[in-house]
Amino acid sequence: QTSKADEASVYTNEDYRGRGYGVDVTTAWAAEVKKQGRIALYSTSWDNFTSQSLARNLKLVQYGTDILLS
């Protein structure tokens, strides 16, 4: 979180998955961040296909990737 942007991801307890809560919470979070004049950044990992599906449902645009140096 900075003065220009806020980054988040979402975790939904297994008992509550598939009910749209992740989309609802992420949408509300992003609206509040934008209301503050900041950029909302949603993070997910390459192997988290459920989270990627949520991002697609929200019509988010992929803009970056992680690069690990060894």
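Within the range 4-35, restricting attention to residues that are among the hydroxyl-bearing types (Ser, Thr, Tyr) and open to solvent by less than 100 Å² (accessible area, probe 1.4 Å), which residue is nearest to the chain's Cα centre (by Cα)? Steps first, please.
Of the range 4-35, the ones among the hydroxyl-bearing types (Ser, Thr, Tyr) are 9, 11-12, 16, 21, 26-27.
Subset that is open to solvent by less than 100 Å² (accessible area, probe 1.4 Å): 9, 12, 26-27.
Numbers: SER9: 4, THR12: 12, THR26: 6, THR27: 9 Å.
Looking at residues that are among the hydroxyl-bearing types (Ser, Thr, Tyr) and open to solvent by less than 100 Å² (accessible area, probe 1.4 Å), I get SER9.
Being modelled with pLDDT under 90 and either of a type outside the set (A, V, I, L, M, F, W, C) or in a strand (DSSP E or B) (or both): is that true of ASP66 here?
Values: modelled with pLDDT under 90: yes; either of a type outside the set (A, V, I, L, M, F, W, C) or in a strand (DSSP E or B) (or both): yes.
Yes; evaluated as a whole, the condition is true for this residue.
Starting from the range 23-39, keep only residues that are farther than 19 Å from SER53 by Cβ, then list their pairs with residues that are open to solvent by 70 Å² or more (accessible area, probe 1.4 Å) whose Cβ atoms are within a distance under 7 Å, requiring at least 6 positions of separation or different chains.
ARG38/LYS4; ILE39/LYS4
Do you know which residues across the range 36-63 are open to solvent by 50 Å² or more (accessible area, probe 1.4 Å) and part of a helix (DSSP H, G or I)?
Selection gives PHE49, THR50, ARG56, ASN57.
If you scan the range 4-18, which residues turn out to be hydrophobic (A, V, I, L, M, F, W, C) and assigned to a strand (DSSP E or B)?
ALA5, ALA8
The values are calculated or read from the model by the stated rules, or taken from the named source; none is laboratory data. All figures in this text were calculated on a predicted structure; none of them were measured in a lab. No Cβ is skipped: glycine too gets one built from the backbone with ideal geometry, and neighbour counts run over all protein chains shown. Quick note on the areas: whole protein, heavy atoms, side chains included, nothing else; ligands and nucleic acids left out. Shrake-Rupley method; radii C 1.70, N 1.55, O 1.52, S 1.80 Å.
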